[in-house]
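Below is one structure; the comments refer to it alone.
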Amino acid sequence: MAGAGPAEAPPPFERLDFLYVPSADVGADVEHFAQVLGAQVVFAVEAYGTRVAMVRLSPAEPAVLLADHLAGERPILVYRVADLEATLAALEGRGWEPQPRFGIPHGPCCAFRTPSGHRLAVYELSRPQAAEHLAGRRDF
């Protein structure tokens, strides 16, 4: 390989856990994924004026999260990291600009866009019980 630098360092992400996908009608999308595509509906939650559902199209990751509050057309690729603070520090060292942090049921998270508009997020799995807590819940 030519040159040395950040490109040769191992990637800071552990694995792609979720595709967070915008949906204009989560209920209809859940039914289509389940009935037509054969997806497993993990949960379908309605809270705080929004709907989010998780479906699995295969036993392997990533799971698909359909969400009506997510703006835009592109999905957000949500990667798990071992240590959110260390990962964000490493990304800053590569030229990434800090973004606001927030929480998801599974733990602390930070989303960002690439210069061309790709959407990614990194999160630390600090609440592994979240998956079990949400599994099987069907609000709609």
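The values are calculated or read from the model by the stated rules, or taken from the named source; none is laboratory data. From a predicted model like this one, the values you see are computed outputs, not experimental measurements. Virtual Cβ from ideal backbone geometry, glycine too; neighbours counted across all protein chains shown. Keep in mind that these areas ignore ligands, DNA and RNA; they rest on the heavy atoms of the full protein, side chains included. Shrake-Rupley method; radii C 1.70, N 1.55, O 1.52, S 1.80 Å.
Numerical summary
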| quantity | calculated |
| --- | --- |
| In nm, spacing of pseudo-spin labels at residue 48 and residue 60 (7 Å Cα→C-beta vector) | 3.3 nm |
| Percent antiparallel among DSSP beta bridges (both partners in segment 41-126, rounded to 5) | 75 percent |
| Residue-averaged [θ]222 nm for the chain, counting only DSSP H segments that reach four residues, each worth -39500 (n - 2.57) | -4000 deg cm²/dmol |
| Alpha carbon centroid spacing (whole Å) that separates segment 22-82 from segment 103-140 | 11 Å |
| Along each principal axis, Cα extent of segment 82-140, largest first, Å | 41, 24, 14 |
| Fluctuation leader among 122, 41, 78 - the chain, Gaussian network, Cα springs under 10 angstrom | 41 |
| Other-chain or far-sequence residues with amide H under 5 Å of residue 51's (modelled H) | 68, 69 |
| Karplus-derived 3J(HN,Hα), 6.51/-1.76/1.60, for each residue of segment 66-75, Hz, glycine and proline x | 9, 9, 8, 8, 8, 7, x, 9, 8, x |
| Solvent-accessible ranking of 32, 133, largest area first, probe 1.4 Å | 133, 32 |
| Whole-Hz couplings from phi, Karplus 6.51/-1.76/1.60, listed for segment 123-140; x for Gly and Pro | 9, 9, 6, 9, 10, x, 6, 4, 4, 5, 5, 8, 4, x, 6, 10, 7, 8 |
| Full-stretch length increase - residue 138, residue 69 - with 0.36 nm per residue and alpha-carbon distance subtracted | 23.0 nm |
| Rounded accessible area per residue of the chain, 1.4 Å, Å² | 59 Å² |
| Separation in nanometres of the label points that stand 7 Å from Cα toward Cβ, at residue 127 and residue 34 | 2.4 nm |
| Longest segment of the chain lacking GluC sites (Glu not before Pro) that sit in a DSSP loop with at most 15 other Cβ atoms within 10 Å | 74-140 |
| Rounded percent of accessible protein surface that carbon and sulfur make up, segment 1-110, 1.4 Å probe | 58 percent |
| log₁₀ of I(q)/I(0) at q = 0.12, 0.15, 0.18 Å⁻¹ - segment 41-110, Debye sum with one point per alpha carbon | -0.43, -0.66, -0.90 |
| Added length on full extension, which subtracts the Cα-Cα distance from 0.36 nm per residue, residue 114 to residue 83 | 9.0 nm |
| Reference-scaled alpha-carbon Rg (2.2 N^0.38 Å with N residues) for the chain | 1.14 |
